Number of protein chains: 2
Amino acid sequence: MIFSDDYFMDQALKEAVRALEKDEVPIGAVIVIKDKIIARGYNQVELLNDATAHAEIIALTAAFNAMGAKYLPDATIYITIEPCTMCCGALYWSKIGRVVYGGKDLKHGGISLHPHENLLHPKTLLTSGIKDSECISLLKNFFKAKR
Amino acid sequence: MIFSDDYFMDQALKEAVRALEKDEVPIGAVIVIKDKIIARGYNQVELLNDATAHAEIIALTAAFNAMGAKYLPDATIYITIEPCTMCCGALYWSKIGRVVYGGKDLKHGGISLHPHENLLHPKTLLTSGIKDSECISLLKNFFKAKR
């Protein structure tokens with residue numbers, strides 16, 4: 001690996017900032033194969049009027065299209081915030097090789113909510129806490145400003 | 001309610017047959033508001049090369065578009081087979097009023113796999129077993145023919 005997890009999490013953070021600029025909950029994701037970003041996504045729930053239009057889902061759909069493949073065993077997804085149960089399920093089906101997330105989501109995170117089981121694919125590697133304070137600050141400041 | 005759950009499950013079964021005709025795993029769904037079908041979907045994992053293109057996800061996206069709304073509290077979704085963890089998560093976010101499914105999925109079903117918690121929204125009503133033998137037969141015969 002030439003680029004680090006920090007480098008790609010910065011790219012996911014850029015996607016989160018794009019969401020923020022559109023007044024969406026600021027969560028972003030990028031999908032990487034062999035040090036190359038093949039797909040990007042940011043939360044578009046409001047824009048698309050679709051409660052399921054999470055960053056991960058948008059990035060996954062883009063990645064399936066980019067690769068012409070329905071499984072992504074060689075890919076890593078970088079997500080600024082822990083994926084929810086739905087997104088963990090989507091990542092399960094994608095058979096993605098690795099999941100890297102920044103900040104924990106104690107309320108909706110599929111990993112935090114299910115500490116005794118693995119919602120991801122058994123072969124998927126998991127890393128967390130990459131640039132977590134930056135990822136969480138972005139989210140906290142968004143909700144603070146909404147109040 | 002003028003039409004019965006059996007009536008709408010038959011409509012979901014029609015969607016499942018459409019999937020079958022395209023050599024997709026035969027699972028179908030319809031979304032209903034006030035006795036009117038507002039969205040339909042069938043499994044399109046192979047066609048779209050997208051491991052997450054389940055009948056429920058396709059029907060939900062169509063329903064959000066049809067209603068111009070990101071929540072569906074007045075809607076009922078009829079699904080031929082129990083929704084997986086991902087689809088339960090999507091249904092959670094949609095705040096759909098009611099989920100009706102046909103056959104159980106003991107391997108991937110989000111309800112069967114999580115008997116001690118509710119992956120759906122707390123306000124979502126749940127009914128199962130509607131036309132379950134027809135729904136399961138369709139699936140079993142598909143996999144039998146594949147062997």
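Taking Cα centre as origin and charging only the Cβ of basic (Lys, Arg, +1) and acidic (Asp, Glu, -1) residues, the dipole magnitude of chain B rounds to 60 debye. Counting Lys and Arg as +1 and Asp and Glu as -1 over every other residue whose Cβ lies under 13 Å from the Cβ of B:Ile130, the net charge comes to -3. Could you give me D for the range B:48-130, from Stokes-Einstein at 20 °C and 1.002 mPa s, where the hydrodynamic radius is the Kirkwood radius over C-alpha pairs? Units µm² s⁻¹, please. So the translational diffusion coefficient is about 168 µm²/s. Each other residue within a Cβ distance under 14 Å of A:Ser112 adds +1 if Lys or Arg and -1 if Asp or Glu, for a net charge of -3.
Neighbours of A:Trp93 by Cβ distance under 10 Å: Lys/Arg scored +1, Asp/Glu scored -1, total +1. Within the protein assembly as shown, what whole-number % of the accessible surface is contributed by carbon and sulfur, with the 1.4 Å probe and all protein chains included in the calculation? Carbon and sulfur atoms account for 55 percent of the accessible area of the protein assembly as shown. Note on surface exposure: A:Met9, B:Met67 rank B:Met67, A:Met9 by accessible area, highest first, 1.4 Å probe. Scaled against 2.2 N^0.38 Å for its residue count N, the alpha carbon radius of gyration of the range A:1-97 is 0.99. Our analysis of the protein assembly as shown gives Rg over Rh at 0.97, with the two radii drawn from alpha carbon positions and Rh computed by the Kirkwood formula.
Solvent exposure of chain A amounts to 47 Å² per residue of accessible area, where only protein heavy atoms count and the probe is 1.4 Å. Association of chains A and B removes close to 2100 square angstrom of accessible area from solvent, both sides included, for a probe radius of 1.4 Å.
The values are calculated or read from the model by the stated rules, or taken from the named source; none is laboratory data. What you see is a predicted model; the values in this text were computed from it and never measured. Note: ideal-geometry Cβ built from the backbone for every residue, glycine included; neighbour counts use all protein chains shown. For accessibility, only protein heavy atoms count, side chains too; no ligands or nucleic acids. Shrake-Rupley method; radii C 1.70, N 1.55, O 1.52, S 1.80 Å.
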